[in-house]
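A.B. asks: Sharing a structure, written as structure tokens. Questions coming.
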Amino acid sequence: MEVRRFEHGSRVPGWDREVDLSKDPSQVPDPATTPVPEDVRAEIEAHMAKYPDSRSATLPALAAVQRHHGWCSPEAIEQAACVMRLTPGYLTAVATFYDMFDTEPVGRHRVYVCTNISCSLRGADELYARVKELTDGDADFAVKRFECLGACDIAPMASVDGTYVGPLALSDVEELLDDVRNDRDPLPRKQLRYRPSAGATTPDDHTEGTA
């Protein structure tokens, strides 16, 4: 009997494939034969410079090559490994662990619907189903459940191409996807970055009590 343990979990495609033990040991790519786009190289090196141990820049390095290639392709992994002087196997192990990295081609728009406890209790499962329904057959979208996006204060919420949006209602989904399809800022009124911080004042606060 198949145990569908990871149906809603955080395993990327290919997590259950056997390792090919017949392959030669992974080697650090040779800079002479591994072309790396200059903007990608500069970004990765800038991240590496921030840490005593350059391996601490692995996540931002993978993010840089994924933005450039659209996914963490073998070529993208090879380029990051070349700049960081690591083996592709090391970076692949990291890329396959984290949900935000794709090791197979996906749509250019990534919509991650948080379905962890806070969001789930507030209707995230229905929200996810609605997003899937309205993007069905649209190759531009990569929609997935996400274990936790760390924004419980705006539950239920989603990450849309890296932008946190919430709290979301089912009635918001059509507008949200329409914004994305037309390259507009997705639901600005519900974006986390536009929410006032604690202690923030509004323009009216400065005029209160004046004549």
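The values are calculated or read from the model by the stated rules, or taken from the named source; none is laboratory data. Since the model is a prediction, treat every value here as computed from it, not as a measurement. Here the Cβ positions follow ideal geometry from the backbone for every residue, glycine too, while neighbour counts run over all protein chains shown.
A.B. asks: I'm trying to understand the selection: among the residues of the stretch 149-171, which are farther than 24 Å from Arg108 by Cβ and of a type in the set (A, V, I, L, M, F, W, C)?
C.D. replies: Cys152, Ile154, Ala155, Ala169, Leu170
A.B. asks: Would it be correct to say that Thr87 is touching a residue at least 60 places away in the same chain (Cβ under 8 Å) and either touching an Asp or Glu at 6+ places or on another chain (Cβ under 6 Å) or within 17 Å of Pro156 (Cβ to Cβ) (or both)?
C.D. replies: It is false that Thr87 is touching a residue at least 60 places away in the same chain (Cβ under 8 Å) and either touching an Asp or Glu at 6+ places or on another chain (Cβ under 6 Å) or within 17 Å of Pro156 (Cβ to Cβ) (or both).
A.B. asks: Taking Ala142, is it closer than 24 Å to Asp30 by Cα and either of a type in the set (A, V, I, L, M) or modelled with pLDDT of 95 or more (or both)?
C.D. replies: no
A.B. asks: Evaluate the stretch 62-75: report whether one residue or more is closer than 22 Å to Ala158 by Cβ, in contact with a Ser or Thr (Cβ under 6 Å, 6 or more places away or on another chain) and not β-branched (Val, Ile, Thr).
C.D. replies: yes
A.B. asks: While we're on this one: Go through the stretch 38-58 residue by residue and tally those that are in contact with a helix residue (DSSP H, G or I) (Cβ under 6 Å, 6 or more places away or on another chain) and of a type outside the set (Ser, Thr, Tyr).
C.D. replies: 7
A.B. asks: With respect to the numbered conditions (1) among the charged types (D, E, K, R); (2) assigned by TED's automatic domain parsing to the domain that holds Met48; (3) buried (at least 17 other Cβ atoms within 10 Å of the Cβ), which one is the sole condition not fulfilled by Lys144?
C.D. replies: Looking at each condition in turn, Lys144 falls short on (2).
A.B. asks: Right, here's the next one. Would you check if Val83 is within 30 Å of Asp136 (Cβ to Cβ), of a type in the set (Val, Ile, Thr) and not assigned by TED's automatic domain parsing to the domain that holds Thr163?
C.D. replies: So Val83 fails the test.
A.B. asks: Separate question: Please enumerate the residues belonging to the stretch 103-123 that are part of a loop (DSSP other than H, G, I, E, B) and of a type in the set (Gly, Ala, Ser).
C.D. replies: Within the stretch 103-123, Gly107, Gly123 qualify.
A.B. asks: Right, something else. Please indicate, with yes or no, whether at least one residue in the stretch 50-68 is of a type outside the set (A, V, I, L, M), buried (at least 18 other Cβ atoms within 10 Å of the Cβ) and either in the same structural domain as Glu174 (by TED's automatic domain parsing) or not in a helix (DSSP H, G or I) (or both).
C.D. replies: no
A.B. asks: If you don't mind, another one. Could you tell me which numbered condition Ile117 fails, if it satisfies all but one of (1) under 15 Å from the mean Cα position of the chain (by Cα); (2) loosely packed, with under 15 Cβ neighbours inside 10 Å; (3) among the aliphatic types (A, V, I, L, M)?
C.D. replies: (1)
A.B. asks: Let me ask something else about it. Yes or no: the stretch 70-83 includes at least one residue that is closer than 30 Å to Arg189 by Cα and either of a type outside the set (Phe, Trp, Tyr) or assigned to a loop (DSSP other than H, G, I, E, B) (or both).
C.D. replies: yes
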